[in-house]
Amino acid sequence: MNKKNKNTLISVSMLLLAMLACVSSSATPVATEAPTLPPTLIPVVVIPSSTSVPTASNTSIPHVDIPGELPVEHSSFAGDQDSFITSAEKRAPGGDRFTFGRFERPFNADTMDVYHAHLDIQENYVYRDAKWIYIVIILKGGDADRKLGGKYGVEIDSDLDGRGDWLITNLQPASKEWSTDNVEVWFDTNNDVGGSVSVTADELGKGNGYETKIFDRGQGDDADLAWARLSSQQAFTVQLAVKTSLLGGSQTFMAGVWAGGENLDPSLFDLNDHFTQDQAGSSLVEFEFYYPIKAIFELDNACRVAIGFQPTGNEPGLCTLESGACPPSQVVCVDTIYGPNCFCGQP
C-alpha cells in the first residue's frame, strides 16, 4: 500500500470512529415509527372549530355500538394535586413542572385569584373490555353554575414513545346518558407531538400538534367511535369511551388525562414546546422567577398510566413507580410538589 492510500484509509477510519462516538453519546431518543390510522378510519372532511358548541344534538346520526357500564375492575388509577387547599393563597400545592409537561393550573392568569374547581383533576381511572376503553376523570367541583363547563380529554400514546398519538376530548359534558355531542377524536398524522424530545420542553414553534380530526360529534367513518357522559353515581365526574379498534388491535398503551379551557387546543401539543417558561409562568410560588401563571392558565393534567404492560419506569411521561415491579392494575399514582410518584396497592 502506498503512502497516499494509507493516509486515506486512516482518515476514513478516524471519521467512522468519530461518527460512532457521536451516535453512542447522543441523548436524543431513537425515533420510532409513527402509528398509522386503522384502515377503517379516515379524517373528517368538514371540520368546524374545535372549540365551537353545536346548537343542537346530532340526533339524526344513527348509532349501533353504544358503550355500556364500566367493567368491575379498573386497569389503572392515578391521583392528582388538590389545588383547592391552597387556592386562597393563590397558588398550587405542587405538581406544576413546565419542563416535564406537568400542569397544575386551575386558576385564571396573572392574578390567580379565581380558582376553577371544574378544571381541578382529583383522580382518574382507566377501564377496558373487549370493545371499549373507558376513561373516568373526577374533578374537584363544578363551575359557577355547578356544571362541568370545560373541555376534558385523554391523550393516548399507543407506541409508548412518549409522544401522544390520539387525543379524545369532550367539551362541556351535560348528559348522564352516553352521547357523541361535543366529542372529538384527533390523530397526530406526522408524529410531531412532543417536538424534538418527547414530553420535555424543547424548541419553540415546532410541529402542529394533533392536526387530523377523524371524529367530530358522530361525524366520521365510524359514527360510534367515541362517547362521553356525566357519571350518574359520582358528582363532577366525566366518563369517556372510545373503541379499542382505534388502536388497531394494540393491547398496550399509555394514557394521560386533561382538563382545560381555551388552552386545551389540539394544535398546541405539547404545550411546553409552544411556549417558553417565561411566557407560561408557574403556579408554584417556590419558582419565584416564573410565578404566577401567565400564557398557560385554566389547565390541569395528570401523569400517564401504563395499560396492558409492565412499565420499566423509563417510559417518557409515565407516573414514576418507586417500589419496583407491580401489576399495572394495582399501580397507584399520586402527584407531589416534586412530581408524580407511584406505588403498589389498591386505591
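The values are calculated or read from the model by the stated rules, or taken from the named source; none is laboratory data. Only a predicted model underlies this, so the values are computations on that prediction, with no experimental measurement involved. Every residue, glycine as well, gets a Cβ built from its backbone with ideal geometry; the counts of neighbours run over all protein chains shown.
If you scan the range 163-185, which residues turn out to be more than 22 Å from Y125 (Cβ to Cβ) and not basic (K, R)? Working first, answer last.
Taking the range 163-185 as the starting set, the residues that turn out to be more than 22 Å from Y125 (Cβ to Cβ) are 163, 181.
Of everything in the range 163-185, just one residue is more than 22 Å from Y125 (Cβ to Cβ) and not basic (K, R), namely D181.
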>> Out of everything in the range 137-150 that is assigned to a loop (DSSP other than H, G, I, E, B) and of a type in the set (A, V, I, L, M, F, W, C), what residue ends up being surrounded by the most Cβ atoms within 10 Å (Cβ to Cβ)?
In response: L148
> So, in the range 199-251, of the ones that are of a type in the set (D, E, K, R), in contact (Cβ under 8 Å) with a residue 60 or more places away in the chain and surrounded by 15 or more Cβ atoms within 10 Å (Cβ to Cβ), which residue ends up farthest from D120 (Cα to Cα)?
Replying inline: D221
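Conditions tested, residue by residue: (1) more than 19 Å from V242 (Cα to Cα); (2) under 18 Å from the mean Cα position of the chain (by Cα); (3) of a type in the set (F, W, Y).
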| site | (1), (2), (3) |
| --- | --- |
| V136 | no, yes, no |
| W186 | no, yes, yes |
| S198 | yes, yes, no |
| A223 | no, no, no |
> List, please: which pairs have Cβ atoms under 7 Å, are six or more places apart or on different chains, and start with a residue in the range 69-88 that is more than 19 Å from L230 (Cα to Cα) and end with one that is aromatic (F, W, Y) and surrounded by 13 or more Cβ atoms within 10 Å (Cβ to Cβ)?
Replying inline: S75/Y127; S76/Y125; S83/Y115; F84/Y115; S87/Y115
> From E322, E288, which residue is at pLDDT below 90 and on the phi < 0 side of the Ramachandran plot?
Replying inline: E322
> In the range 114-132, which residues are in a loop (DSSP other than H, G, I, E, B) and either under 16 Å from the mean Cα position of the chain (by Cα) or among the aliphatic types (A, V, I, L, M) (or both)?
Replying inline: V114, D120, A130
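For the range 62-113, what are the residues that are assigned to a loop (DSSP other than H, G, I, E, B), within 30 Å of I133 (Cα to Cα) and of a type in the set (G, A, S)?
G68, S75, G94, G95, G101 - these are the residues of the range 62-113 that are assigned to a loop (DSSP other than H, G, I, E, B), within 30 Å of I133 (Cα to Cα) and of a type in the set (G, A, S).
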>> I need the full set of residues from the range 153-168 which are assigned to a strand (DSSP E or B) and either over 10 Å from the mean Cα position of the chain (by Cα) or charged (D, E, K, R) (or both), in order please.
In response: E155, D157
> Looking at D65, D80, which is the one that is surrounded by 10 or more Cβ atoms within 10 Å (Cβ to Cβ), among the acidic types (D, E), touching a strand residue (DSSP E or B) at 6+ places or on another chain (Cβ under 9 Å) and at pLDDT below 95?
Replying inline: D80
>> Within the range 151-187, take every residue that is modelled with pLDDT of 95 or more, surrounded by 24 or more Cβ atoms within 10 Å (Cβ to Cβ) and among the charged types (D, E, K, R) and give me the one that is nearest to F297 (Cα to Cα).
In response: K151
> Which one of the conditions (1) within 18 Å of R304 (Cβ to Cβ); (2) more than 16 Å from the chain's Cα centre (by Cα); (3) of a type in the set (A, V, I, L, M, F, W, C) does A144 fail to meet, given that it meets all the rest?
Replying inline: (1)
